[in-house]
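> Can you read through this structure? Questions will come right after.
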């Protein structure tokens, strides 16, 4: 058998043709966005955060309230000081702040055509209470003990104590507000909350709806035709699994994908000079922290913790790791949270002071320790190496040690917290100072991770949580920041900016505290 | 040797091998100290929630008890549930097997189609320019990292030349897969008569299959050349030359003698290729077993990793078994030794 030249050319042309068809297929579809992610969503239950869940449930489930919006430097940012009605139209509260009644917006419909009702809100919260997972955590933080439908559009929340963060917590995607009429159709006696169905289906009142999922390959989202704020710009979002970060960047550069999972810092720097791609940055909310366990020697001595903070040059970290794009950390609160006060930060790079503090603590000749890091966050190894190098200035020998991400998460969990000195990144998903303190600094905070405990700070957090007086709350936040800074349970380093890389024509990105883009905000030129 | 007896003997040997693999994988995973319950609970997971998950997944029990429970379930065909997807491991693995097999077998076939003739030709023309060229090219195939090769293919043939589609999986973005019969989009597209799917599946396959073929061909060229050279220097081939047999007859005698070691080598190559093709799956978003296994390792998804390793072990054993059967069929001496 012989292969003719014409045959070879024809075959090549066929493959070339197929290639071109694929490259431009999505672009030819009107208002379709292709999003290249590390994997497809492994479930759509906001209470059970599986890979890809958080990225997609925020598109489907929206809150009773939402943050206000302000224009800043030509783009929209959230205003955490203003809480606006969203799925709820209005609300009233009792004098003691323990009973809230929300009136839902009428005429809000899910993609299934069912109208939003108070029973939907009750069903979603009851589900979260029963599952005792993420939604239950939010309920506990906000002091919510019960939710009850009073009428078709009126729903009552009962709180164990007044809560200053309650309305901000209602901006979240969980406890989710489901189209319970649809969800109940898929519930069984063994699965009363239709959790199996929710692995591959959605039923919300938000802007998007999951049309289909091919696990490991692709999920297709379509705009909710009944969305109460009008149709989103993108009628369809193709959520394609592209596990290789380098492949995702190639797809973005080629125009096949318009949005990709967040690249790392070096990739962001490279992409910023590429005209085929648009990169935008916003202030970050999670510190690249190095934490010291205050129950384990030598970190049980506050002078050691303070000394370590005197051995760090934050500016150098910003330059070498964040390539000049981040902000110095001066408080446990990120700068984007209200009542952030950097004035209590009294450390800075001062090796003489650091050595003196170590000598006072009984370490005149310095000390040696291990710094544990993992791959949970992209910056950890770089910070561990830099911190180890910088702490030589106060006579401290640090040996960085790598552990797996799974081990890091396990050892940093509330049940263990057994690492003496380690890197970690946590940030608030509610833009509120008391929520942030309760999460990171309170002795029972789930993201404390280093067994830091100060009863005075705990009392201030409780006071701030249970008051509706803004001045009292502000005062509690101020005092708590000062106590935390004096106790120095972390080495304060810096806040990386939040960057997103997208197609050059895309606009409208708004940064949210959960660091997940809302597709409904996006537009294309 | 009766082939049925041969198969039964091999099947008996399979049991201790799989037990060893299971014990080894289970111990390695657990000895690492990793505990997925914290990851499952998420960033806001409380101590109570983590304890609940540990209990739910049996992670609070002793290691021997956990192992015994797992083995008991595996014997009933239950490989457990993935904590990251919540789905049964076995069905998740099986649903991805066709994609991996499609890539692996096509890549290997193409690799053999290139590697064996080139290896034979260079052996018969040792020291000539074609031999030198083939050795340099196969050295490239040997030395290029798999991951980099995949990215290079994308960069050249997709991003620069625009000859091939993007590495975004097995089917174009806009197409819906055909009804599942074999699990291969190409075959299922043909069965359904959906030509758009067939074209798209074929186009998506070009670069990943070519990448696997390049990785497979390099050692096949080298080994085939060495085997054939060895056979050409053997007494019976020299005797055949001395007898004055025509070149074509000598070729046939030499190739028949070389066939057994080449088949044995290729079967070993196939099992070794699974690791490389996992990386190719990763680069081209192929959604096969390899990509699934790599993700599970990174996530510490114990049940999936255990099922994945056990499946690979079983696959290797089956491949060697098939190779042995082929050797039995073409080599009379092997029947006496078996």
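The values are calculated or read from the model by the stated rules, or taken from the named source; none is laboratory data. These numbers come from a predicted model, not from an experiment. Here Cβ is always computed from backbone atoms with ideal geometry, including for glycine, and neighbour counts include all displayed protein chains.
> Can you go through A:332, A:337, A:318 and tell me which one is crowded, with 16+ Cβ neighbours inside 10 Å, under 27 Å from the mean Cα position of the chain (by Cα), in a helix (DSSP H, G or I) and in contact (Cβ under 8 Å) with a residue 40 or more places away in the chain?
The match here is A:318.
> If you take the residues of segment A:22-38 that are at the interface with another protein chain (Cβ under 8 Å from one of its Cβ atoms) and at pLDDT below 90, which of them is surrounded by the most Cβ atoms within 10 Å (Cβ to Cβ)?
Among residues in segment A:22-38 that are at the interface with another protein chain (Cβ under 8 Å from one of its Cβ atoms) and at pLDDT below 90, the one surrounded by the most Cβ atoms within 10 Å (Cβ to Cβ) is A:22.
> Going by what's in this entry, would residue B:74 be described as surrounded by 15 or more Cβ atoms within 10 Å (Cβ to Cβ), away from chain A (no Cβ under 11 Å) and in a helix (DSSP H, G or I)?
Yes: the conditions hold for residue B:74.
> Residues of segment A:42-60 being more than 10 Å from chain B (Cβ to nearest Cβ) and either touching a strand residue (DSSP E or B) at 6+ places or on another chain (Cβ under 9 Å) or modelled with pLDDT under 80 (or both), which ones?
A:44, A:55, A:56, A:57, A:59, A:60
> Which of the residues spanning segment A:245-283 are closer than 30 Å to residue B:289 by Cα, at pLDDT below 90 and assigned to a loop (DSSP other than H, G, I, E, B)?
Across segment A:245-283, the qualifying residues are A:262, A:263, A:264.
> Check every one of the helices (runs of 4 or more DSSP H) wholly within segment A:349-438 and list those with 2 or more residues that are away from chain B (no Cβ under 14 Å), surrounded by fewer than 21 Cβ atoms within 10 Å (Cβ to Cβ) and touching a helix residue (DSSP H, G or I) at 6+ places or on another chain (Cβ under 7 Å).
Helices (runs of 4 or more DSSP H) meeting the threshold: A:351-360.
> Restricting the search to segment B:143-153, which residues are free of Cβ contacts under 8 Å to residues at least 24 places away in the same chain and crowded, with 21+ Cβ neighbours inside 10 Å?
Matches in segment B:143-153: none.
> When segment A:487-503 is examined, which residues are found to be at negative phi and not in a strand (DSSP E or B)?
A:487, A:489, A:492, A:493, A:496, A:497, A:503
> When the residues of segment A:196-211 are filtered to those that are surrounded by fewer than 19 Cβ atoms within 10 Å (Cβ to Cβ) and modelled with pLDDT under 95, which remaining residue is farthest from residue A:518 (Cα to Cα)?
A:196
> Take the residues in segment B:205-243 that are touching a residue at least 60 places away in the same chain (Cβ under 8 Å) and within 14 Å of chain A (Cβ to nearest Cβ), then tell me which one is surrounded by the fewest Cβ atoms within 10 Å (Cβ to Cβ).
Ranking the qualifying residues of segment B:205-243, first place goes to B:210.
> Being at pLDDT 95 or above and buried (at least 17 other Cβ atoms within 10 Å of the Cβ) is the requirement here; does residue A:97 meet it?
In short, no.
> Go through segment A:189-220 residue by residue and tally those that are closer than 25 Å to residue B:99 by Cβ and within 13 Å of chain B (Cβ to nearest Cβ).
Here the count works out to 13.
> Separate question: Kindly provide the set of residues from segment B:259-268 that are in contact (Cβ under 8 Å) with a residue 40 or more places away in the chain and under 15 Å from residue B:232 (Cα atoms), ordered by number.
Listed by number, the residues that qualify are B:259, B:260, B:262.
> Go through (1) under 19 Å from residue A:113 (Cα atoms); (2) surrounded by 21 or more Cβ atoms within 10 Å (Cβ to Cβ); (3) modelled with pLDDT under 95 one by one and return the number of the condition residue A:223 breaks.
That leaves (3) as the condition not met.
> Residue B:126 versus (1) in contact (Cβ under 8 Å) with a residue 40 or more places away in the chain; (2) under 18 Å from residue B:203 (Cβ atoms): which is the lone unmet condition?
(2)
> Which of the residues that make up segment B:154-186 are crowded, with 20+ Cβ neighbours inside 10 Å and more than 11 Å from chain A (Cβ to nearest Cβ)?
Across segment B:154-186, the qualifying residues are B:178, B:184, B:186.
One line per residue, one yes/no per condition, for (1) touching a residue at least 40 places away in the same chain (Cβ under 8 Å); (2) part of a strand (DSSP E or B); (3) closer than 30 Å to residue B:154 by Cα:
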{"position": "A:171", "(1), (2), (3)": "yes, no, no"}
{"position": "A:175", "(1), (2), (3)": "yes, no, no"}
{"position": "A:209", "(1), (2), (3)": "yes, yes, no"}
{"position": "A:213", "(1), (2), (3)": "yes, yes, yes"}
{"position": "A:220", "(1), (2), (3)": "no, yes, yes"}
{"position": "A:230", "(1), (2), (3)": "no, no, no"}
{"position": "A:234", "(1), (2), (3)": "yes, no, yes"}
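> May I pose another question? What number of residues within segment A:440-486 satisfy the criterion of being touching a helix residue (DSSP H, G or I) at 6+ places or on another chain (Cβ under 8 Å) and in a helix (DSSP H, G or I)?
Qualifying residue count for the region: 19.
> Could you tell me which numbered condition residue A:224 fails, if it satisfies all but one of (1) away from chain B (no Cβ under 14 Å); (2) touching a helix residue (DSSP H, G or I) at 6+ places or on another chain (Cβ under 8 Å)?
(2)
> Quick one: which of B:121, B:147 is more than 30 Å from residue B:284 (Cα to Cα) and either assigned to a helix (DSSP H, G or I) or within 14 Å of chain A (Cβ to nearest Cβ) (or both)?
It is B:121.
> Quick one: in segment B:44-71, of everything that is more than 14 Å from residue A:406 (Cβ to Cβ), touching a helix residue (DSSP H, G or I) at 6+ places or on another chain (Cβ under 9 Å) and not in a helix (DSSP H, G or I), which residue is modelled with the lowest pLDDT?
Among residues in segment B:44-71 that are more than 14 Å from residue A:406 (Cβ to Cβ), touching a helix residue (DSSP H, G or I) at 6+ places or on another chain (Cβ under 9 Å) and not in a helix (DSSP H, G or I), the one modelled with the lowest pLDDT is B:44.
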